[in-house]
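The values are calculated or read from the model by the stated rules, or taken from the named source; none is laboratory data. If you're wondering where the values come from, they're calculated on a predicted model, not measured in any experiment. All Cβ positions, even for glycine, are placed from backbone atoms using ideal geometry, and neighbour counts span all protein chains on display. Heavy atoms of the whole protein, side chains included, go into the accessibility calculation; ligands, DNA and RNA do not. Shrake-Rupley method; radii C 1.70, N 1.55, O 1.52, S 1.80 Å.
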Amino acid sequence: VTADRRSERVRCERLDRDDPLATVRERFLLPEGVVYLAGNSLGALPRAVPGRLAAVATEEWGKGLVGGWERWMSLPEETGDKIARLIGAGDGEVVVIDSTTIALVKILTAAVRARPGRRVVLTSTTNFPSDLYAASGVARLLGDVEVRTVEPLGIPEALDESVAALLLTHVDFRTGELFDMPVLTKAAHSVGALAVWDLCHSAGAVIVDCEAAGVDLAVGCGYKYLNGGPGAPAFAYVRRDLQPLVENPMPGWLGHASPFDFDVVFRTAGGIRGFATSTPAILGLSALDSALDAFDGLTIEAIRQKSVSLTELFIALLEERQLAGLQLASPRPSSQRGSQVSLRHAEGYGVIEALLARRVVGDFRPPDLCRFGFSPLYVRHVDVYDAVEQLEAVIESKEYLDERFGRRRKVT
Ligand SMILES: *Cc1c(COP(=O)(O)O)cnc(C)c1O
């Protein structure tokens, strides 16, 4: 290791020392010696969660038995209010329900039906495939609805008065590109369409201000930057003034005004609660609720600042090294980037696998993308440095060609 390199790492240690979020890492349980850069896929385990899960199982369920519902019934909205603070929404505008794709089917259907006479859902060709599948499923269910997909740059031009809803994911899962939410929402409104945003890759890591941007409806996932655990429930946002004007297309007793009356006629609970359908999975919901306490006392601005500092450092260290065959696939200006950096490499799969053997966890997306997520709550600047050093070693040694790293696993 040259003196230069040593001083670079010392500089990163100093950045961590001066980092106002430095101690937040202690709110997580991370395995020793692992650089975890896949928090955009599955967030790390918050320290408080195992205890909460055990308490819910042994105390609330084990001892409280069916009486637990007194406490559990309002959890979807209580947890929703915690998420609301992270996405610029108010109390009573977010509910934790279902999982993302299912919540999206409900929210998108509600949006299209709120614009009768309009038969187009406009979305981007680069959207997350599950969102595209969901949109085409909604179109078939409603009948006579068309999903129009265009390249991201073509969206403003493709917006016209036939569009009921513009459906976009705020941060592109492949490249980490951050869409301009206020501008695109305004463009949708200018033709009378509703703006539906998927916040999966932004909630908890990127500044989202639903209220300021005038977002109509949104969904997002609980297990990425919100750290709710594998298969954590999703959340749905409906702007308050829109709540009386949109209808949950999948009514169920949990969204009933008075579920324990067992009335044969459905009467919506109204508000955001009306989007609940059925009994929530309390264990998963409790884990997410507890995980969100890791955000206590933090502003989303401070979180974003840390995130930018990490992604900028990663890119700068790579630019200094100019590693053969690696290209930046994410936007260079931080203002156009989420909390993720993607790199292209022809042997990207082997690169990610070789890094994994060196205890640096990223992930691979076809055809050639190596993705690195920088969860600002627990990734340190020294982790960024160490990841780059390992990446350099993998590239220089051409380890990625090793046949050990060529076999595709079922989950990448
Ligand atoms: C992660 C992600 C999802 C996840 O969908 P599930 O239904 O929770 O499996 C959906 N949309 C986007 C944009 C995502 O990034």
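Residues of the range 72-95 that are touching a helix residue (DSSP H, G or I) at 6+ places or on another chain (Cβ under 8 Å), open to solvent by less than 20 Å² (accessible area, probe 1.4 Å), under 24 Å from residue 301 (Cβ atoms) and not in a loop (DSSP other than H, G, I, E, B): 79, 80, 83, 94.
Tallying residues that are within 14 Å of the ligand (Cβ to nearest atom) and not in a loop (DSSP other than H, G, I, E, B) within the range 96-137 yields 21. Restricted to the range 311-412, the set of strands (runs of 3 or more DSSP E) holding at least 3 residues that are modelled with pLDDT under 95 is empty. Looking only at residues of the range 3-44 that are open to solvent by 80 Å² or more (accessible area, probe 1.4 Å) and modelled with pLDDT under 95, we find that the one that is nearest to residue 297 (Cα to Cα) is 6.
Of the strands (runs of 3 or more DSSP E) lying entirely inside the range 143-219, the ones with 3 or more residues being open to solvent by 10 Å² or more (accessible area, probe 1.4 Å) are found at 146-150.
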